[in-house]
Each structure stands twice: as C-alpha cells, then as structure tokens.
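Remarks on the structure that follows.
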Amino acid sequence: GNMDKIKRILIVDDEKLVRGIVTKIAQTRGAEVVALPNGQNVKEALEKSVFDLAVVDLLMPDASGWDVVKMIKADQNNRKMPIVILTGTKISEEEKIRLLQEVNAVASKTSFSLQGFEYIVDSCSTL
C-alpha cells in the first residue's frame, strides 16, 4: 500500500481527541507517531527524528500552526516532508490559499473524518 513510505508522523494538536484519532490511523498502518499537545517540543522532536508527514493544528493556545510550519521548514532533515494543517474554525479562502503555498493539505476538523484523513495521508505518501 501507499503507506509504505510513511513510517513516522508528527502530530501537533492541543486536542487530545484529534491526537488520538491520528495516532490510531497511523498505528493501524504500522507508522510511528510523535504526538505533541503544543509547539513547545516541536524543535526538539524535529532534531531527534526524521518524519514523513506532519499534521499540525492551525490554532493552538501557545503556538500557531504557522509557527510550527516555520520550525519544520527551518529543520534541515524535515523541511521537505508533507504537512497537513487542521483547522477547527472556518478559514477564509485567502488564508487557505496562503497556507497551501506552504503546506500540502488543509483539512477542516469540523468535517474531520477518518476516511478523509486516511485519504490525505495516502495522497501525501505518493508525493
């Protein structure tokens, strides 16, 4: 399957439920997950491991998804990995377009479904 290329996923989201869902999907497909509740340990995680995919919440109390994306892009080993941004709020078309210049996919948490997420993961693994 497509997931062969995705062995390690970084998820940064302050919602435990979302971290749980992503972790479950990844584990059923044999991928390893590093799940962080905020942006604080992202740099450290990036320095420690090479990831194949990042799933990042856009709005978190301590760091925005933009900040996390910047950290990823600044990391020598991880800057090329696909990034999926999760949004809990409806974002404007303009912001979405801006995001898509930096990331691979923007998924809304309101319509966040396992199938939808699996589809995104699969599409990222074929990049």
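The values are calculated or read from the model by the stated rules, or taken from the named source; none is laboratory data. Everything quoted here is computed from the prediction, not taken from an experiment. Neighbour counts are summed over all protein chains in view; Cβ atoms, including those assigned to glycine, are modelled from backbone coordinates with ideal geometry. Ligands, DNA and RNA are excluded from the accessible area calculation, which covers all protein heavy atoms including side chains. Shrake-Rupley method; radii C 1.70, N 1.55, O 1.52, S 1.80 Å.
Taken over segment 38-78, the criterion of being part of a loop (DSSP other than H, G, I, E, B), of a type in the set (D, E, K, R) and open to solvent by less than 70 Å² (accessible area, probe 1.4 Å) is satisfied by ASP52, ASP75.
Listed by first and then second residue, the pairs with beta-carbon distance under 9 Å, at least 6 apart or on different chains, first residue in segment 65-82 and over 12 Å from ALA45 (Cα atoms), second among the polar types (S, T, N, Q) and not in a loop (DSSP other than H, G, I, E, B), are GLY65/THR87; PRO82/SER123; PRO82/SER125.
Reported count of residues in segment 13-24, each being closer than 17 Å to THR89 by Cβ and either among the charged types (D, E, K, R) or modelled with pLDDT of 90 or more (or both), is 3.
May I ask you to verify whether ILE91 is out of contact with any Leu (no Cβ under 6 Å at 6 or more places or on another chain), aliphatic (A, V, I, L, M), open to solvent by 70 Å² or more (accessible area, probe 1.4 Å) and within 22 Å of TYR119 (Cα to Cα)? So ILE91 fails the test.
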